[in-house]
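One structure is given here, and the rest of the page talks about it.
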Amino acid sequence: MANITTPALRPADPRFSSGPCAKRPGWTLDALSDAPLGRSHRAKIGKAKLLQAIEDTREVLRVPADYRIGIVPASDTGAVEMAMWSLLGERGVDLLAWESFGAGWVTDAVKQLKLADARVLEAGYGEIVDFANVDFDRDVVFTWNGTTSGVRVPNGEAIPADRAGLTICDATSAAFAQDLPWDKLDVVTFSWQKVLGGEAAHGMLILSPRAVERLESYKPAWPLPKIFRLTKGGKLIEGIFKGETINTPSMLCVEDYLDALQWARSLGGLDGLKARADANLAAIERFVEANDWIGFLAKTPETRSNTSVCLTFTDPAITGLSADDQAAFAKGVASALEKEGVALDIGAYRDAPPGLRIWAGATVETADIEALMPWLAYAYEAQKASLKQAA
Ligand SMILES: Cc1ncc(COP(=O)(O)O)c(C=O)c1O
């Protein structure tokens, strides 16, 4: 190990976690000073802030005027499950999964809702389900960007505009970094803690007119708790989509989300955010191309995520190890980087193949990604040297 030297440059911010993600550059607690704390969220000022959050979301994400946008409880998970429990069961459903979050929605539909007509289409880590095999006249549940494998849907071309079913899309690590083709999506969900570096616990639920039509014409066979109820007397509760939340939101988190949206607008909105994430991915791609011991978990370049970038060690000296030893090696690299204070929380997700996962969303500075890359080489070499010593 003696000849392995640490790189001279360190990332200014070592936060590369895939959620909660790094806050925007320059963020301080002062950004929250305008929060109407100790006031009712139903007071004029609270309602105005919540409505502003909805309107700014529409502007930045370019959500069509006839789509509803609601702030709902329990983060992205709450928004997805609210949609699944409220909409599914009217017709058969195709459930797509290529990593653990998609697999979680499969469990919901098959084991909890026990839907009689559910087809599961799965692909392994690094791959993606072939959308040509999906029947869009059924409902379809899928994740746009698989956060734990770094595999994303490249575009919406395979989804027909004139489908009969509803598309329910968990876009939590895609929204604000990737294009979402609104005409192909009936339900889109995300949480504030991802690409905009906001706070957790609040979910966003976006509904197309066809999703609303389903809500108003179909009543699921199972009971719905208050926290999931989007209709009353067969009519959509419109207030939810104007900032009259079902239960009490944190106005501190709302203020933080408004700050993040303001920052997004200052960059030129979605295009500015996407450009930052793309530049971060490009910096990692340059490094991977120059080093033959590391590769992307995503099998094809067009499915490579520009937010949750998952890397694996491709060196035969590592791939030849037992599964447990490979996992220990990857963990060793991640913890060495953490100990050095240059990268926090970049170990692969617990259910994913061993490797590293680097968040590259818009709040992360490209200079920090660039500064991190030589550290990956350093930690890899150091870990490999310690393997040799142990042998
Ligand atoms: C694709 C995806 N779905 C769902 C979730 C769960 O999000 P939350 O914890 O905000 O409910 C995550 C969180 O990482 C995710 O990446």
Subset of the stretch 176-190 (residues that are within 11 Å of the ligand (Cβ to nearest atom) and over 16 Å from R68 (Cα atoms)): none
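Let's see how each residue does on (1) of a type in the set (D, E, K, R); (2) assigned by TED's automatic domain parsing to the domain that holds K299; (3) surrounded by fewer than 21 Cβ atoms within 10 Å (Cβ to Cβ):
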residue	(1), (2), (3)
M82	no, no, no
L87	no, no, no
R91	yes, no, yes
D94	yes, no, no
A97	no, no, no
F101	no, no, no
K111	yes, no, yes
L115	no, no, yes
R119	yes, no, yes
Out of the stretch 217-237, which residues are assigned to a helix (DSSP H, G or I) and surrounded by 13 or more Cβ atoms within 10 Å (Cβ to Cβ)? I227, F228
Test A200 against the criterion of being on the phi < 0 side of the Ramachandran plot, touching a Leu at 6+ places or on another chain (Cβ under 7 Å) and within 10 Å of the ligand (Cβ to nearest atom), and give yes or no. no
Among the residues of the stretch 257-296, which ones are buried (at least 20 other Cβ atoms within 10 Å of the Cβ) and assigned to a strand (DSSP E or B)? I294, F296
The stretch 297-328, residues that are in a loop (DSSP other than H, G, I, E, B) and surrounded by fewer than 22 Cβ atoms within 10 Å (Cβ to Cβ): K299, T300, T314, D315, G320, L321, S322
Going by the structure shown, is T107 within 11 Å of the ligand (Cβ to nearest atom), more than 21 Å from R304 (Cβ to Cβ), in a helix (DSSP H, G or I) and not assigned by TED's automatic domain parsing to the domain that holds T312? no
Output for the stretch 239-253, where each listed residue is in a helix (DSSP H, G or I) and over 17 Å from A22 (Cα atoms): G239, I240, F241, K242, M251, L252
Only one of (1) touching a residue at least 40 places away in the same chain (Cβ under 8 Å); (2) of a type in the set (S, T, Y); (3) in a loop (DSSP other than H, G, I, E, B) is not met by T57, so which one is it? (3)
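The values are calculated or read from the model by the stated rules, or taken from the named source; none is laboratory data. In this text, all values refer to a predicted model and were calculated from it rather than measured experimentally. Every residue, glycine among them, receives a Cβ derived from its backbone with ideal geometry; neighbour counts consider all protein chains shown.
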